[in-house]
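Structure first, commentary second.
The values are calculated or read from the model by the stated rules, or taken from the named source; none is laboratory data. Note that the coordinates shown come from a computational prediction; the quantities given were computed from them, not determined experimentally. Methodologically, a virtual Cβ is constructed for each residue, glycine included, from the backbone with ideal geometry; neighbour enumeration extends over all protein chains shown.
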Amino acid sequence: MSTATTPAVQSPASPDRSPFISWLAVISVMLGIFSIVTTEILPIGLLTSIGSSFTISDGMAGLLMTMPGFLAAVSAPVVTVATGRIDRRVMLGVLILLLSLANFLASAASSYWLLLISRVMVGVTIGGFWSIGAGLAGQLVPAKSVGRATSVIFSAVPLGSVLGVPLGTFIGDIAGWRTAFLVMGGFTLAVLVLLLAVVPPLPSDQATRLDVLGSMLRRVNTRFALVMTFLVVLAHFGTYTYITPFLEQLTHVGSGLLTVYLLVYGAAGMAGNFLGGSTVGRYPRSTFATAAALIAAATLLLPVVGQSDAGAVALLVVWGVAYGAVPVCSQTWFSKAAPDSPEASSVLFTASFQATISIGALVGGAVLDRSSPSTVMVLGGLTAVFGVLAAWAHGAGRFTWPKAS
């Protein structure tokens, strides 16, 4: 196979499109990712009530987080490569429609297995939409605005934690978890209408090839990006997926107050996204290492300090700020490792990130069913420590990132 990389086509925004419509297109992609992020992590706040509905354990209910990640990891390269010649606007619309149908199926699921099928549909959407949408800014706005547009698109990740999950938890508390998925399905349909109305045709002249992905995997910086992403995301989702049982059992937080706790975490994540985004371009290694260290500190201290309300809230703020920076840190490492292949970088970022979300939720659930929420937190914290060590090893090896051609 050839090892040459294929630069993604970055078509400039059409000059006859108004800036308002161009930015609406960016916002529509951001709202699409917001819908995806919210749908993916919505079960975190509803885990206990979903488990009660189907008489399953919290660990078993955690499969709702595991399933989408594994499917996304597979669908990211498969969907991107298989549909490489199809208009990207058409693909975004198809994937958002699939997400809406998944939410409606979840709201009406009569059995736990039907609920899992809906999560399979979510996984396919995640892998395809993220891989295509994350690198579209250059085709929606003029070149001078690409950086700002990319930041807007990626702000959907912490925004899903700030608004999506707490609001979904609130709706679940007052009207049941099925209503939360029903509302999410309706919102996703509205996003589909906006996306089709304002996103221009986006023909794909050059497809991402499998040999491009293979050549990237042979680069040392890409391997470090994979290791860092695996360790830090494993630490986070192995623990945060089960934050609801921890807060209910150890901090003794009531269902009404749980929404407030998750909202505080989400707001801190929003701040962390902008803090990380402002520093990772200049200091990618230290920014990623700092995020890993703060996640380690928060999860290791929660079993000790998190038994009080004040202690739990303080650590959730630290944790939120830290994780808010993780997606942009991971994506930056992948893009710096292959600056001439932005869509391929997005594929590897999406696949590795989503696969690790699944593994984290699966491992955390297995530990939870055999021990306690405190043990889950401690093991997650130790995993994050290894992430710090991986960043140190990258610095000790004096590795540098290649320049774009």
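The criterion of being under 28 Å from residue 60 (Cβ atoms) and at pLDDT 85 or above does not hold for residue 349. Screening region 66-175 for helices (runs of 4 or more DSSP H) wholly inside it with 2 or more residues that are within 18 Å of residue 189 (Cβ to Cβ) returns the ranges 88-108, 112-133, 165-175.
Condition first: among the small types (Gly, Ala, Ser) and more than 20 Å from residue 224 (Cβ to Cβ). Now tell me which residues in region 372-392 satisfy that. The answer is 372, 374, 380, 381.
Checked against (1) in a helix (DSSP H, G or I); (2) of a type outside the set (S, T, N, Q); (3) more than 15 Å from the chain's Cα centre (by Cα); (4) over 27 Å from residue 262 (Cα atoms), residue 340 passes all but a single condition, namely (1).
Among (1) within 26 Å of residue 76 (Cα to Cα); (2) surrounded by fewer than 18 Cβ atoms within 10 Å (Cβ to Cβ); (3) of a type in the set (Asp, Glu), where does residue 369 come up short? Residue 369 satisfies every listed condition except (1). State whether the residues of region 282-296 include one that is among the small types (Gly, Ala, Ser), in contact (Cβ under 8 Å) with a residue 24 or more places away in the chain and surrounded by fewer than 20 Cβ atoms within 10 Å (Cβ to Cβ). Yes: region 282-296 contains one or more residues that are among the small types (Gly, Ala, Ser), in contact (Cβ under 8 Å) with a residue 24 or more places away in the chain and surrounded by fewer than 20 Cβ atoms within 10 Å (Cβ to Cβ).
Within region 91-150, the set of residues being buried (at least 23 other Cβ atoms within 10 Å of the Cβ) and of a type in the set (Lys, Arg) comprises 119 only. Condition (residue is under 21 Å from residue 40 (Cα atoms), among the hydroxyl-bearing types (Ser, Thr, Tyr) and modelled with pLDDT under 95) applied to region 364-371: is it met by at least one residue? No: zero hits. Look at residue 300 and say whether it is touching a helix residue (DSSP H, G or I) at 6+ places or on another chain (Cβ under 7 Å) and either part of a helix (DSSP H, G or I) or free of Cβ contacts under 8 Å to residues at least 24 places away in the same chain (or both). Yes; evaluated as a whole, the condition is true for this residue.
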